[in-house]
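First up is the structure itself, then whatever we jot down about it.
The values are calculated or read from the model by the stated rules, or taken from the named source; none is laboratory data. It should be emphasised that the depicted structure is a prediction, and the values quoted were computed from it without experimental measurement. Reconstructed Cβ throughout: ideal geometry from the backbone, glycine too, with neighbour counts over all protein chains shown. Please note that ligands, DNA and RNA were not included when accessible areas were found on the heavy atoms of the full protein model with its side chains. Shrake-Rupley method; radii C 1.70, N 1.55, O 1.52, S 1.80 Å.
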Amino acid sequence: EEGASRIVLPGDVVFGLAAQAQNKVLRLGSGLSQDADRVVAIKAGRLNHAKSKLWVEGSQKRYIPSAEDSVIGIVIDRRAEEFLVDLNAPVLGLLPILSFEGATRKNIPNLKEGAVVYGRVVKAHRDISPALSCLDASGKGSGYGPLKEGYLFECSTGLARSLLGTPTYPVLEALGKSLAFEIAVGVNGRVWVKSDAPATTVLVSNAIINSECLSAAQQHILVQKLLQAAK
Amino acid sequence: MAKREDDLRTPGELLGLASEFNAGRGSYCHDGKIYASLVGIRHLIEAKQGSDDLRPTIEIRREKERDAVPEAGSTVTAKITKVQARMASADIVCVGPRAVKEKFTGIVRQQDVRLTEIDKVDMHSSFRPGDIIRAEVISLGDSRAYYLSTAKNELGVVSAVSVAGMPKFFLVSTKSATMVAVSWQEMQCPLTNQREPRKVAKVVT
């Protein structure tokens, strides 16, 4: 819990619990594990702490489900009470058929294999398949649900988190000034883009994919170049 | 004691008269006579002191002890192998006090975990893979698994290891983290003092 965020590797001891004050409540987020009297990192990445939560943020291609994450899933199959959803993770997610806005027993969403959904991970644990929902915690839709049409591509989990983070990702800011498009980002490394013209969709997708290792200034230049070329 | 070969009976063999004997396990009464229904050794059990019926009971018992097999109503010890949204799978290890020779699979369904609020049962808060449970066999189930129930106070998780004590592939934790029951819903890890939810069995000592 010392100072600014630092890079940790799997196996690094983050701190020993015995040395800390006894009465503090500390929540361990993803990438950390408690081994008897010490907290150890089990993922490579940057160690962050905010309020009383400690977690490791790394960038991978594979997504490990964690509660409260917003993800983009692809429907694989339908079971009696839930959809099986691929999350680009080691296990398939389970999305109950009634966990959609306006869904009732008589009005079940008709999602076929290959349908794209934007959902929220309700419960994730190493022993179970992650439970998903297309409703927020209070029961409303608030943007979750099937994503119709548009274009879906994959990126690293780190880039996905940057796209969703604050301050606004420079590429998105620059694109938003000149173009009109819809975008949904899943922390499981998937991005969905939709706009009226295919050329716009292609431009937006290219800009996002190529911006991962660029600084803010470089990202603005990238966008300018792409917009110029499109004219 | 008579030689064992002499006492070996086969099904249909006449054992005695119903007026002189009681038909016990492995034998039956027909037309006033007692016949054997199993292959085995004949045993005579004296009548209980003070009972009205003074006739001894004839029993036919198999020569060898049969392997333990779960039957409806028997209490079994099982190890949870998989936890899913609406059921948990377990390997039956013991039937009563006897260990089984070959593995049997059992399933605990969501509605059979406990007696109250069965539609609100969260399987993951009741069992975790690796837990040892005491359960009762409800039925022989289907060809894949027996149906088990933990819907009694004395049934449920008997022994469980906490997350802290789970072997991780690169960390070797030599301390034992077998959890201690705190209530019928929670167990506590001795290493980290963290509580984990389980459907705990009330072990009567």
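Figures for the structure shown
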| read-out | value |
| --- | --- |
| For region B:107-155, residues shielded by at least 40 square angstrom of accessible area compared with the chain on its own, probe 1.4 Å | B:His124 |
| Dimensions (Å) - chain A, Cα atoms, principal axes, largest first | 60, 52, 28 |
| Amide H contacts of A:Gly189 (H built 1.01 Å from N, under 5 Å, at least 5 apart or other chain) | none |
| Over region B:8-61, relative contact order from alpha-carbon pairs under 8 Å, at least 6 apart, % | 41 percent |
| Lys/Arg +1, Asp/Glu -1 at C-beta; chain B dipole; positive extreme among B:Val161, B:Pro70, B:Leu38 | B:Val161 |
| For the protein assembly as shown, Kirkwood radius (reciprocal of mean inverse C-alpha pair distance, Å) | 27.0 Å |
| Area hidden from solvent between B and A (accessible, protein heavy atoms only, 1.4 Å, total, Å²) | 1400 Å² |
| Nearest-20 debye value, the protein assembly as shown charge dipole, Cβ charges on Lys, Arg, Asp, Glu | 760 debye |
| Simple Cβ-charge dipole of chain B, Lys/Arg +1 and Asp/Glu -1, about Cα centre, in debye nearest 20 | 860 debye |
| List B:Cys29, B:Cys189, ordered by accessible area with a 1.4 Å probe, largest first | B:Cys29, B:Cys189 |
| GNM top mover of A:Gly186, A:Gly165, A:Gly141 - chain A, alpha-carbon springs below 10 Å | A:Gly165 |
| Euclidean distance of C-alpha centroids, region A:160-205 and region B:3-50, integer Å | 86 Å |
| Chain B: relative contact order in percent, alpha carbon pairs under 8 Å with at least 6 residues between | 13 percent |
| Average beta carbon contacts from partner chains per residue of B:72-78, 10 Å cutoff | 0 |
| Cα Rg, Dmax (largest Cα-Cα span) when computed across chain B, Å | 23.6, 73 |
| Dipole magnitude of chain A, debye to nearest 20 (Cβ charges: Lys/Arg +1, Asp/Glu -1, about Cα centre) | 200 debye |
| Low-density loop positions, GluC sites (Glu not before Pro), region B:97-144 - DSSP coil, at most 14 other Cβ in 10 Å | B:Glu117 |
| Per-pair calculated FRET efficiency, R0 = 56 Å: A:Glu182 and B:Ile45 via Cβ, rounded to 0.05 | 0.10 |
| Extreme residue, positive dipole direction of chain A, given options A:Pro109, A:Ala89, A:Ser211 (C-beta unit charges) | A:Pro109 |
| Region B:8-61, accessible area per residue, ligands and nucleic acids excluded (1.4 Å, Å²) | 64 Å² |
| Förster radius 35 Å - calculated FRET efficiency between B:Tyr28 and A:Asp127 (Cβ-Cβ, nearest 0.05) | 0.10 |
| Computed label-point distance, nm, for sites A:Ser142 and B:Lys152 using a 7 Å Cα→Cβ extension | 4.6 nm |
| Accessible surface of chain A [probe 1.4 Å, protein heavy atoms]: carbon and sulfur percent | 54 percent |
| Too-long pairs where the Cα-Cα distance tops 19 Å, listed order kept, from A:Lys140/A:Lys177; A:Lys61/A:Lys225; B:Lys82/B:Lys103; A:Lys123/A:Lys148; B:Lys82/B:Lys152 | A:Lys140/A:Lys177; A:Lys61/A:Lys225; A:Lys123/A:Lys148; B:Lys82/B:Lys152 |
